[in-house]
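Scroll down for the structure; my scribbles are underneath it.
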Amino acid sequence: MDNDLLIDVKNLRVSFHTDEGFITPVDGVNYQVRRGKTLGIVGESGSGKSVSTRALTKLLPKNAVIEPTSQILFYQNGAAQPLNITPLSPNSKEIRAIRGGQVGMIFQEPMASFSPVYTVGNQIIEAVRQHRHAAASPLAATATIGSQIDESIRAGNKKMSKLEARDVAVDMLERVGIGNAGLRVNQYPHELSGGMRQRAMIAVALSTHPSVLIADEPTTALDVTIQAQILELMRELQAELGMAIIFITHDMGVIAQIADEVAVMYLGAIVERGPTRELIEDARHPYTRGLLAAIPSLDRLDTRLSSVPGDIPSPLERPAGCLFHTRCPHRIDGTCERFAPERTEVVPNHFVRCHLYR
Amino acid sequence: MLRFLVHRFIGLAVTMFFVSIMVFVIMELPPGDYADRYAFRKFSGTGVNVTEGDIENIRIQFGLDKPAWQRYFQWVGGIVTRFDFGQSFAFETSVNNVIGKRLWMTLAILYSTLVLTYLLAIPIAIYAAIHRRSAVDYSLTVLSYLGLALPNFLLALILLYISVTLFGTSIGGLFSPEYEKAGWSVGKALDLLQHLIVPAIVLAWSATALQLQTVRATMLDELNKLSVTAARARGIPEWKLLLKYPARLAVNPVVSTIGFDVNRIFSELPIVALVLGLPELGELLIQSYLDLDMYVAGAVLLMLTFFIVVMNFISDIALAALDPRISLEG
Ligand SMILES: Nc1ncnc2c1ncn2[C@@H]1O[C@H](COP(=O)(O)OP(=O)(O)OP(=O)(O)O)[C@@H](O)[C@H]1O
Ligand SMILES: [Mg+2]
């Protein structure tokens, strides 16, 4: 039995009712989220990275449907059976407890993630009081991740006081490396710098002790030095708190720095998945290779920066057969445009969907 | 925040100072002066021959021989220290007596119109934006187009007809005759509301239609903000986060246009008041112009602009309270 398994996503399919018709931008996605590990999801814009991870907390627009055959299984502390959240309503108590409580989220735009009319502290305190309960003893206040349940039992489900929550907020801001946290907690988002805002956003997400942190392109909007600092911070916090991270990016270079496992998405499907080192050193799928070739590196400075050639097909016209065949340099005519490739395990834990590896 | 308040308050005082000068200039514009008119009024038809000397005496009696700036300060001083707006020439009594009830009438209509507008527009528009493309949302669009198309006075006539024929309410004035002199009671308050509702609906009509559209549009904008998604991702209950984040900002355009609304109500009020037979300030202003009764005209002008300026002041402060970015920059 896999004790570290937190979330198991099986055959996830998400569709949208749009004015142009019914589209399915996420189709047949499988992945696992494990305690203390980082899953990196890479892919070009529109490949379904955000949709497939927001589905975990049902944080999708009203016109989205998660197909009932999909399974999103949450393995909760102490529970004998995993909880499949697919049939639950997005407004249900269970989902709200998962949002923030078990799964924290940070986004690409740290400025836009905060409401400009409330202080940073206000938004942390709000989250803390929503999910954490008054500490019965000073010991419980320092409880670690995953123990909220015991904590709440001990405290008899009493809501944490504002003052207590404020202490949590200040402590959390300090932990993410914001100096003068006692002052910052009362400041508005526009009074912080870009990098500090993303640190603050991480503080908001982690203040409720989630066991999973979804980071949707958290460094894309930041400049390179700040980006490196934020990645470093996330690594440190993971080592300290032991949460799982789902890290979304379209930058293979960033993925290489932070992920333990990488899933490569193309048009709503995972075309290749494997341990980071293995996948980078021995990429199989032509699309993964294309993405890797797009990383700028010193020994390739003379050659033009290559990216994957060709245009991404519109979600309304998903190609038949292999999704990638319209852009694939190694297309096998007569096969790739007709049959969808099965998932093959090329070496243990390294999966690829490509007719080249049957 | 305190600095911001002081700042805006000084702004208010300065504005009122310039307004009072402008009003005073307007009061001085008609040919002749108060003494001429007083003499004409008092002695015309009596056969008494009024000499220049008599008029000069009247002038001295009223202090009109003094230079304009002295008279300005006397006028303003009277208003500020004693709340005394001078003498009405046409009514031969103090301006305060002439204006009296009309001031309360105007204020009652102004505030009931504003309250009605905001009470209707804000919640309905927010609801419609949250339930986009629902029946409420669609009927709202139709209604607000109607609201913008139908002229006020026409609506006033229709409502007048309906309320007299269907409900038998007497329209005109603030109270029915039986309550006019009575002390305050629940019945009297209800009677007052009954009299206010028709003018308030008429005046609120187009503003509500307009505000519905702006609040709905702002709310839709705010609902799509990442900060709302982020709050949702923290597990905050839906109704709570909708009120705390997008709804708070969706009322901004309403708050920032309070001054315009007051201005518009004052300009539309005389026509509506004429149709509904309400004694209010706008009508008095027009009458005082016709009579060249300049102290009355000045008092009305001053009061109306005062309310516009004060409501603008309130709108500024409310806006700063709603959006802390404002006071920090000011
Ligand atoms: N609200 C929506 N309505 C309709 N279709 C949508 C909506 N949101 C997403 N989609 C569809 O889902 C596809 C995947 O979107 P998603 O946001 O998951 O991409 P992504 O991989 O996160 O891209 P990016 O790197 O740009 O963030 C889009 O191409 C679009 O077709
Ligand atoms: Mg995305």
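Where the centroid of each part is defined by its Cα atoms, how far is the stretch B:199-226 from the stretch B:47-68 in Å? Each part reduced to its Cα centre gives a spacing of 56 Å. Near B:Val255, once Lys and Arg are set to +1 and Asp and Glu to -1 for all other residues with Cβ below 15 Å from its Cβ, the sum equals -1. The relative contact order of chain A comes to 20 percent, based on Cα pairs under 8 Å that sit 6 or more residues apart. Fewest-first ordering of A:Arg96, A:Arg235 by other beta carbons within 10 Å of each residue's beta carbon gives A:Arg235, A:Arg96.
Expressed per residue, the C-alpha convex hull volume of chain A stands at 153 Å³. For the stretch B:85-217, relative contact order (Cα pairs under 8 Å, six or more residues apart, normalised by length) works out to 40 percent. Total lysine pairs in the stretch B:101-290 at Cα distances under 26 Å, for residues eight or more apart or on different chains: 4. In the elastic network of chain A, a GNM with C-alpha springs shorter than 10 Å, the most mobile of A:Gly36, A:Gly268, A:Gly321 is A:Gly321.
Taking other residues whose beta carbon is less than 14 angstrom from the beta carbon of B:Ala204, and scoring Lys, Arg as +1 and Asp, Glu as -1, yields -1. Electrostatic bookkeeping for A:Ser92 treats Lys and Arg as +1 and Asp and Glu as -1; over the other residues with beta carbon under 15 Å from its beta carbon, the sum is +3.
Considering only A:Cys336, A:Ala55, A:Pro68, the residue lying farthest towards the positive end of the dipole of chain A is A:Pro68, judged by Cα position with unit charges set on Cβ.
Helix B:258-276 and the longest principal axis of the Cα set of chain B meet at an angle near 60°. Springs between Cα atoms under 10 Å define the GNM used for chain A, and in it the highest mean-square fluctuation of A:Asp282, A:Asp333, A:Asp171 occurs at A:Asp333. Per-residue Cβ neighbour counts within 10 Å put A:Asp260, B:Asp191, A:Asp4 in the sequence A:Asp4, A:Asp260, B:Asp191, beginning with the fewest. Counting lysine pairs in chain A whose alpha carbons fall under 22 angstrom apart, excluding pairs fewer than 8 residues apart on the same chain, gives 10. Dipole size of chain A about its Cα centre, with +1 on Lys/Arg Cβ and -1 on Asp/Glu Cβ: approximately 820 debye, rounded to the nearest 20. Rounded, prolate or oblate: which fits the stretch A:269-357, taking a ≥ b ≥ c as square roots of the Cα gyration tensor eigenvalues, rounded meaning a/c under 1.5, else prolate when a/b beats b/c? Oblate, because a/c is 1.5 or more while a/b does not exceed b/c.
Considering only B:Ala250, B:Gln87, B:Ile26, and ranking their Cα positions along the charge dipole of chain B that arises from unit charges at the beta-carbon of Lys, Arg, Asp and Glu, the one farthest toward the positive end is B:Ala250.
Pair-distance distribution of chain B: all C-alpha pairs, bin width 10 Å, starting at 0; shares per bin in whole percent are 5, 20, 24, 23, 16, 8, 3, 1, 0.
The magnitude of the dipole of the protein assembly as shown, with charges of +1 and -1 set on the Cβ of Lys/Arg and Asp/Glu and taken from the Cα centre, is near 1440 debye. Here the Gaussian network model covers chain B, with springs between Cα atoms less than 10 Å apart; of B:Gln74, B:Gln211, B:Gln287, B:Gln74 fluctuates the most.
Mean partner shielding of peptide A:186-193, defined as the number of other chain Cβ atoms within 10 Å of each residue Cβ, is 1.
When the charge dipole of chain A is built from unit charges on Cβ atoms (+1 for Lys and Arg, -1 for Asp and Glu) and taken about the Cα centre, the candidate among A:Phe16, A:Phe114, A:Ala165 whose Cα reaches farthest toward its positive end is A:Ala165. Here is the tail figure for the protein assembly as shown: Cα pairs spaced more than 48 Å apart come to 40 percent of all pairs.
Sorted ascending by nearby beta carbons within 10 Å, beginning with the fewest, B:Phe62, B:Phe9 become B:Phe9, B:Phe62. Computed from Cα atoms, the angle from the helix B:34-43 axis to the main principal axis of chain B rounds to 60 degrees.
Out of every Cα-Cα pair that the stretch B:260-330 contains, those further apart than 20 angstrom amount to 45 percent.
Around the Cα centre of chain B, unit charges on the Cβ atoms of Lys, Arg, Asp and Glu (plus for the first two, minus for the last two) sum to a dipole of about 1440 debye. Normalised by the number of residues in chain B, the average gap of Cα pairs under 8 Å and 6 or more apart makes the relative contact order 26 percent.
We did not get these values from a lab; they are worked out from the coordinates using the rules stated. It should be emphasised that the depicted structure is a prediction, and the values quoted were computed from it without experimental measurement. Backbone-built Cβ (ideal geometry, glycine too); neighbour counts: all protein chains shown.
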